[in-house]
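**Student:** Mind looking over this structure? Questions follow.
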Amino acid sequence: MKIAIFANDGRLSQIVSQRLRQKFKDTHFVLDDQNPDIVVTIGGDGTLLAAFHKYSALLETVRFVGVHTGHLGFYTDWRDDEIDDLVISLQSDNGQSISYPLLDVRVTYADKQKPENFLALNEATLKRWSATMVTDVYIGGELFERFRGDGLCISTPSGSTAYNKSLGGAVIHPNLKVLQVAEISSINNRVFRTLSSPMIIAPNDWVTLIPARESDYLLTVDQNSFHGKKIAQLRFKISKKSIHFAKYRHMQFWQRVQDAFIGSEYAN
């Protein structure tokens, strides 16, 4: 089995990375940062997101395992003091995995360059820097509304627990391959109207945004941001690709949600 270790720059993460690297060598695993079978991330959810984007071209063959060295990790199943157990689990690995849906993001620019394509694990957002954002929203090719406000957030099911949740969006189980659109401070009055509610979009429908021709838009795809180009169109759809996590020790989704947002002391 070929393993890559992807750690953030934190002191504890680097210490755990060095210890884990030595344990893998001692147990005769192959360390391979280019074409791994397993990517072990050490840090938090931000570290796993960064690793996901680094290895996005290998999603069909690579599985992820997260070790958290902070206070909370929604995608990370192992603590930094459990790496001995992690190595033992990897030694008995049978190739099983848990899969989460991803978001396809396609950006067309006003200068008619070739569209750019991105994958998001959590969400993509579109905002304006300095004024109200105005964009037409199409669902399945039909005009749904003209949105005015600070921006829009389009999230995956697993990403529904991130920025989307803070916007009042629903938490969606990853077995449902749908995307969610949540408004960011929409304007609603006698003149301008939006649905003013999160929307769950079927897997076969594209969500298309055609913004007004202002150029100061900010597009984010997970933790990556893009600005400075005039966007003509954005299209979002649940991807045919998925991210795969090694199944052993992978926490059940609702247990993960309960652990992250409620805490076991309040469960009873």
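**Student:** If each of GLN91 and ALA232 carries a label point 7 Å out from its Cα toward its Cβ, how far apart are those two points in nm?
**Tutor:** Label at GLN91, label at ALA232, 5.8 nm between them.
**Student:** Now for a separate question. To the nearest 20 Debye, how big is the dipole of the chain about its Cα centre, given +1 on the beta carbon of each Lys and Arg and -1 on that of each Asp and Glu?
**Tutor:** 780 debye
**Student:** Which whole-angstrom value gives the distance between the alpha carbon centres of segment 219-263 and segment 138-187?
**Tutor:** Value for the Cα centre distance between the two parts: 12 Å.
**Student:** Just subtract the alpha-carbon distance of ARG146 and ASN175 from 0.36 nm times their residue separation and send over the number in nm, one decimal. List each step's numbers first, then the result.
**Tutor:** Values: separation 29, 0.36 × 29 = 10.44 nm, distance 3.09 nm.
Result for the pair: 7.4 nm of gain on full extension.
**Student:** A follow-up question, please. LYS54 to THR27: FRET efficiency via 1/(1 + (r/R0)^6), r the Cβ-Cβ distance, R0 25 Å, to the nearest 0.05? Walk me through the numbers before you get to the answer.
**Tutor:** Numbers: r = 25 Å, r/R0 = 0.98.
Rounded to the nearest 0.05, the efficiency is 0.55.
**Student:** Amide H to amide H, which residues 5 or more places from ARG63 or on other chains are under 5 Å from it, using H placed in the peptide plane?
**Tutor:** Answer set, sorted by chain and number: ILE38, VAL39.
**Student:** I've got another one for you. Check the straight Cα-Cα distances from LYS230 and name the aspartates and glutamates below 18 Å, setting aside those fewer than 8 residues away within the same chain.
**Tutor:** Cα-Cα hits under 18 Å: ASP111, GLU116, ASP136, ASP150, GLU214, ASP216.
**Student:** So, in nm, how far is label GLN113 from label SER225 when the simple model puts each one 7 Å beyond its Cα toward the Cβ?
**Tutor:** Once both label points are built, they end up 1.9 nm from each other.
**Student:** Then there is this: Based only on other Cβ atoms within 10 Å, what is the fewest-to-most ordering of ARG63, ARG79, ARG213? The partial results should precede the final answer.
**Tutor:** Numbers: ARG63 21, ARG79 14, ARG213 10.
By the 10 Å Cβ count, ascending, the order reads ARG213, ARG79, ARG63.
**Student:** While we're looking at this one, here's another question. Would you mind checking LYS25/LYS165; LYS23/LYS240; LYS114/LYS165; LYS25/LYS247; LYS23/LYS237; LYS2/LYS112 for any pair whose Cα atoms are more than 31 angstrom apart?
**Tutor:** As for pairs spanning more than 31 Å Cα to Cα, those are LYS25/LYS165; LYS23/LYS240; LYS114/LYS165; LYS23/LYS237; LYS2/LYS112.
**Student:** Now for a different question. Based solely on its DSSP helices, what 222 nm [θ] is calculated for the chain when runs of n ≥ 4 H residues each add -39,500 (n - 2.57) and the sum is averaged over all residues, nearest 500 deg cm²/dmol?
**Tutor:** Working: 5 runs with 48 residues, N = 268.
For the chain, the value works out to -5000 deg cm²/dmol.
**Student:** Add +1 for every Lys or Arg and -1 for every Asp or Glu among the other residues with Cβ under 12 Å from the Cβ of GLN91, and state the total.
**Tutor:** Values: positive: LYS23; negative: ASP26, ASP84, ASP85, ASP93.
Combined, the nearby Lys, Arg, Asp and Glu give -3.
**Student:** Quick check on the exposure proxy: order PHE245, PHE261 from fewest to most C-beta atoms within 10 angstrom. Each step should come with its number before you reach the end.
**Tutor:** On the way: PHE245 22, PHE261 13.
In increasing order of surrounding Cβ atoms, one gets PHE261, PHE245.
**Student:** Under a Cβ-only charge scheme (Lys and Arg +1, Asp and Glu -1), can you give me the dipole magnitude of segment 102-240 about the Cα centre, in debye to the nearest 20? Working shown, then result.
**Tutor:** Working: 17 positive and 13 negative charges, 37 e Å.
The calculated dipole for segment 102-240 is roughly 180 debye.
**Student:** May I ask you to sort MET199, MET1, MET133 by Cβ crowding, counting other Cβ atoms within 10 Å and putting the fewest first? Mind dumping the intermediate values first?
**Tutor:** Values: MET199 19, MET1 14, MET133 25.
Fewest-to-most Cβ neighbours within 10 Å comes out as MET1, MET199, MET133.
Each reported figure results from applying straightforward, stated rules to the coordinates on display, with no laboratory input. Everything numeric here is computed off the predicted structure, so don't read it as measured data. Cβ atoms come from the backbone with ideal geometry, glycine included; neighbour counts cover every protein chain shown.
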